[in-house]
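Asker: Take a look at the following structure, please.
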């Protein structure tokens, strides 16, 4: 268990930069993630772990790289549904082990019509995963109800996830984030959410989250939907692992992007 956790959260900094490429499990071929192998390949050298489904892992991630995998094992609904919370467990822990995953991830929907179902999903998954020494990352999902991203709600959801046995929790940044961190006894990683207006907005969000106690970030669209995704990752790494300021991250981004070819879709 500790070995697998140390593969995701670096022991020297106690922080992590995760890349989320699991969006297709309910959103389908998301913009700039239509061909996962093309999106993922240039980003692998700059991430501490990948969060993705078994289908994308099998088809888009080479066997040779040793980037740790956080395997999403929940799903069962799509963006077309009026309620995204009606999820179940889609992948067994044995399958995760066969795929050499460092951890498994599952969403919980606190306050939703299927709250009870998703919390029991988490409890059952934790019980099974603990037998094999596999950490579970709980995602405090809000579906389409973005107004739920306040400190009171996120503190409740994160604490419940930890109480049910999650070893890591992925949540959103919010005003009063220190209270969310203080109430959660396991490391928190912050989601990027929908693509922000500028890269500087991403650097500000990352910096505030780290300063207020986050153990890292698990970003997707704010990385691979950007014109210069590897430059974004390198700048974010400096914030997470070296406490760079948003201004310093911006300088790193500007220096690095001159060396990066723009994605084919943007040429």
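Asker: Looking at this structure, is residue 77 over 28 Å from residue 144 (Cβ atoms) and assigned to a loop (DSSP other than H, G, I, E, B)?
Answerer: No: the conditions fail for residue 77.
Asker: Taking region 82-103, which residues are without any contact (Cβ under 8 Å) to a residue 60 or more places away in the chain and not in a loop (DSSP other than H, G, I, E, B)?
Answerer: 88, 89, 93, 94, 95, 96, 97, 98
Asker: Sticking with this structure for a sec: Can you find, within region 216-248, the residue that is nearest to residue 11 (Cα to Cα) among those that are part of a loop (DSSP other than H, G, I, E, B) and without any contact (Cβ under 8 Å) to a residue 40 or more places away in the chain?
Answerer: 243
Asker: Next question. Restricting the first residue to region 133-150 and requiring it to be within 20 Å of residue 22 (Cα to Cα), which pairs with a second residue that is surrounded by fewer than 24 Cβ atoms within 10 Å (Cβ to Cβ) and at pLDDT below 85 meet a Cβ separation below 6 Å and a spacing of at least six or different chains?
Answerer: Filtered contacts from region 133-150: 142/148.
The values are calculated or read from the model by the stated rules, or taken from the named source; none is laboratory data. In this text, all values refer to a predicted model and were calculated from it rather than measured experimentally. As a convention, Cβ positions derive from the backbone with ideal geometry for all residues, glycine included, and neighbour counts pool all protein chains shown.
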